Structure formats: C-alpha cells, structure tokens
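Take a look at the structure set out below.
The values are calculated or read from the model by the stated rules, or taken from the named source; none is laboratory data. In this text the structure is predicted, and so the values were computed from the model without any measurement. When we count neighbours, we look across all protein chains shown, and the Cβ atoms used for this are built from the backbone with ideal geometry, even at glycine. Just so you know, the surface numbers come from the protein's heavy atoms only, side chains and all, with ligands and any DNA or RNA stripped out. Shrake-Rupley method; radii C 1.70, N 1.55, O 1.52, S 1.80 Å.
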Amino acid sequence: MVETVGYEDGVVRMLDQRRLPAETAYLSCRDHHQVAEAIRDMAIRGAPAIGVAAALGIVVGVRSLGADATPAAFDAICDELAATRPTAVNLFWAIARMRERHARERAQGGTRLAEGLLEEALAIQAEDLAACRRMGDLGAALIPDGARLLTHCNAGALATAGYGTALGVVRSAAREGKVRLVYADETRPYLQGARLTAWELMQDGIPTTLIADNMAGHLMARGEVDAVVVGADRIARNGDVANKIGTYTVAVLAKENGVPFYVAAPVSTFDLATATGADIPIEERAPQEVTHHGGRRLAPEGVGVRNPAFDVTPHRYVTAIVCERGIARPPYTESLARLAAGV
Ligand code: MRU
C-alpha cells in the first residue's frame, strides 16, 4: 500500500498526487508554507489526509521558526493551514487537536513542545490508519457476495493515512472474496477517480472498470451496480453528507434504482456542531479545472464557469454511514451522536 504522507527529520514527505498515475514522485515540505501550498494545490488531498498533513505542517512550521515560535507565531501557522481548504472538517479537527496539545505543553513549561507536537501529529496519523482498517472490516459486512460496487472520487489510501475509507470497505470486502468489480467514476473535473482510484485499486489487483460520471445511471438502471460506497468530507448532525461534487447525483440515481448508498468516514469527519448540510461551506476552485485538461484549453475563452468542488447529499439518500465505531442507520441525529460519544 502506498504511503500518502510521512515525517522524517524535519521534513513532511508526501506522494505528489498531481503527478499520478504517470509518475510516483514525492514532495518534501520543510515548513508550513510549503505544506499549506501542497494542500491548496492538491498535491495531497482527501479529508483525513489533509488533516494529517496539516498536523505535520504545524510540526515543521514550529521547527522552522526555532526560538521565534512564540504563541502568536504558532497561531499564525495554524491559521495559515486552516485557510487552505474550507470543506473537509478533518482539517479543522486536526488543527484543533494540535492547538490543544500546544496549550497543554505550554502549561507544563513548554520544555517538550516540539516533541509533544510531533507525538500528537503522529498519533493523528496512526489513529486514522487504524480507523480506516476498522471501518473497512465493519463495512465489508454490508457488501453482498459477488458485488459490483461503484465509487466516486478517491476515498482510498491516497486520501487518508492509509487503507482508505470507502476503498477500505472495498479492500476488506475484496479480501473476503466478495468483490466482482469496482466501477470508478472518473470524477470530473479533477479526475480523482480516473487518475487516483483506478491507479490505487489496480495496484491492489482489485478488478476496476473506469466510467465517465454520466454513465452511472445507465449501469444502475440495467441492474449492473449492487452498491455504492463513497467517502465524506463532512457529515452534519442530521446525516447530510458533503463529498466530492457529483456524489449527490450518484445518490439520487442510487435511490431511484433501489441501489444501497453507503458512506464510509471516520468520526473525525463528523461535524455535530453543524445542524444540516446547508451550513457546510462549499469550496469553489479555479475555473481552469473545468476549462482546461492537462494544460490544454477545452472551452472557449471568456465562457462563464462554476466550479464547486463538493456537494451535499441529503441524509434521506444515505442507506448507512460506516465509521470505525460501528454502522449508523437513520435517524442519523441519534445514531451519529451515539457513535461520536462512543456509546
Ligand atoms: O477535493 P478532494 O480530492 O480533496 O476531495 C476528496 C473527496 O471528496 C473524498 O471523497 C473525501 O475527502 C473522503 S476521503 C477518505
């Protein structure tokens, strides 16, 4: 399994996902500015992965400032990383955890500040990997034998500390011999499905069939999809799910065709402070992601463009939400609160 992001000797090393699948190249970030740029430009992407990257970014940011790492400078590092992408709540969750650890270390004299922050960031990373493995195994129980699954975007090892959320479920189900094939939506405009999911599943030898996004309904209507499994960037208190643009369309098609629609996400993706999906901030990205492909212009110069990077799937379309603590079913206001509280 690929290593998405890691830390060694003051350097955050990450697989540069902009260059996949053509090249397996690593990026070395020596301070928080470089990590922030890598998140913003999607060298690393996926909700849990950007949380881990931001936590490690804080570690190298503090290191790079040395004696100048005052509390105000620490806050500025956190603020810069928090301003990179607005939708995935894991980013803010990880930064909040680092802020708490910083406060704790300072309250104890601050002599172990750098070590404490590194310890916390590595714990966030290790816990995410363990959560993915666990939710994968739990979620596999939802997958029927001989399943033809459909996934959207990339919610795999590349989007997490490893193993993946939706692709964790796929991996565990495949290990149990249940997966006949996975349809990977190409995921316009940034093509995470075509570039990343197809590559990642093929690395694992899981039978993968790439489709353009507009083919999903046709396959479902013909009875060729047994279940949909996707990840999430933020799940509101009522179970509304923000995920990659196009997820909502897949969910509506799934309901119309009687196909179960599963979401796999760690508890760090739950945002119980946000009542409904309508309150989730949706990132708008550069128009060039829509007008261009591989540096080549596809659309006429001057055309108006919208590029919302995420959409919200209302909870009524979600059959179940799998996390590392169990499987939530409707009504989500109750089931998510119970899982978040660990009861
Ligand atoms: O814009 P991206 O590539 O960061 O969007 C990623 C997704 O939407 C994933 O499905 C989500 O983060 C879950 S990743 C385990």
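Considering only residues that are in a strand (DSSP E or B) and either buried (at least 24 other Cβ atoms within 10 Å of the Cβ) or within 12 Å of the ligand (Cβ to nearest atom) (or both), which ones fall in region 27-45? Passing the criteria: only Cys29. Might you check whether a residue that is polar (S, T, N, Q), open to solvent by 70 Å² or more (accessible area, probe 1.4 Å) and not assigned by TED's automatic domain parsing to the domain that holds Thr274 occurs anywhere in region 101-108? So far as region 101-108 goes, yes, one or more of its residues are polar (S, T, N, Q), open to solvent by 70 Å² or more (accessible area, probe 1.4 Å) and not assigned by TED's automatic domain parsing to the domain that holds Thr274. Scan region 260-280 for residues that are more than 15 Å from the ligand (Cβ to nearest atom) and touching a residue at least 40 places away in the same chain (Cβ under 8 Å) and the total you get is 5. The single condition among (1) away from the ligand (no atom under 16 Å from the Cβ); (2) surrounded by fewer than 24 Cβ atoms within 10 Å (Cβ to Cβ); (3) farther than 30 Å from Gly10 by Cα that Leu122 does not satisfy is (3). Is there a residue in region 245-253 that is open to solvent by less than 10 Å² (accessible area, probe 1.4 Å), in contact with a Ser or Thr (Cβ under 8 Å, 6 or more places away or on another chain) and closer than 27 Å to Gln125 by Cα? There is at least one residue in region 245-253 that is open to solvent by less than 10 Å² (accessible area, probe 1.4 Å), in contact with a Ser or Thr (Cβ under 8 Å, 6 or more places away or on another chain) and closer than 27 Å to Gln125 by Cα.
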